[in-house]
1. Which log10 I(q)/I(0) values, to two decimals, does the stretch 52-148 give at q = 0.11 Å⁻¹ under the Debye formula with one point per Cα?
2. With each pseudo-label sitting 7 Å past Cα toward Cβ, what's the Asn167-Ser109 distance in nm, one decimal?
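Derivation of every value follows stated rules applied to the coordinates shown; laboratory data play no part. Just so it is clear, the structure is predicted and the values come from calculations on it, not from any experiment. When we count neighbours, we look across all protein chains shown, and the Cβ atoms used for this are built from the backbone with ideal geometry, even at glycine.
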Amino acid sequence: MNITIVMEKMRTSWPESFEDDAVKAIKEAIPDNKLLELFFAKKISLEDLASKISWRSFEKLTELMFKQIGYFTLTNFRIKRREIDVLAFNENLVFAADCKHWKRMSFSSLNKSAEMQKLRASFLTSTLTFSKKQIIPLIVTLYESELKIINKIPIVPVFKLKDFVMNIYGYMEIITVIKGP
C-alpha cells in the first residue's frame, strides 16, 4: 500500500474535533509540545505521533480514541491479579484492550497476547458492573498495517480503531464475544 494512502487513513481515523479535556489529556500524556503542534496541524500522522511516545502515552492515546467515539473508559483496570490496559464501555459493550507499542511482532507473540487477553477479559464477567454486557477482548497495536484476527481476537492498528469500533456488529460473528452470566 502506498505510504501516502496509509498516512491519510491515519489522519482521518482521528475525530476532527477534540474536546477540551481530550486535548488537555493528550498534552499531559505527551510532553513534547512541538510534536503535538505538528500533529494538530496535520503535518505528522497519528502513527508518527504514536511511534514517538512512550508505551504509557500510547495507552492514553488509545483511551482518548475510545472517549472520542463516545465510550466511557477505565485504564489499568486490575481484576484477579491481572490488568487490562484500557476498558471502554457503553450501555451494551465492553472493549477490553491490551495496548502493544511493539516495533516488531511475531505471530507467536501476537498469538500468546491474544490468548492472555481473552483470559483477562473473561474475568470481567465476575464484576457486577460488566456482568450483563458483551465483552470484546482486543489488542491495539502501533505498527501493524491491517486488522487481523488471531484465535478470534481482533488485532487492531491504532489508526483503524475508530472504524473497527464503529463497525463492531459486522465483526461479531468472527471474533470472541464474552457474554455475562
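1. For the requested q values the scattering log ratios are -0.31.
2. Result: 2.8 nm between the two label points.
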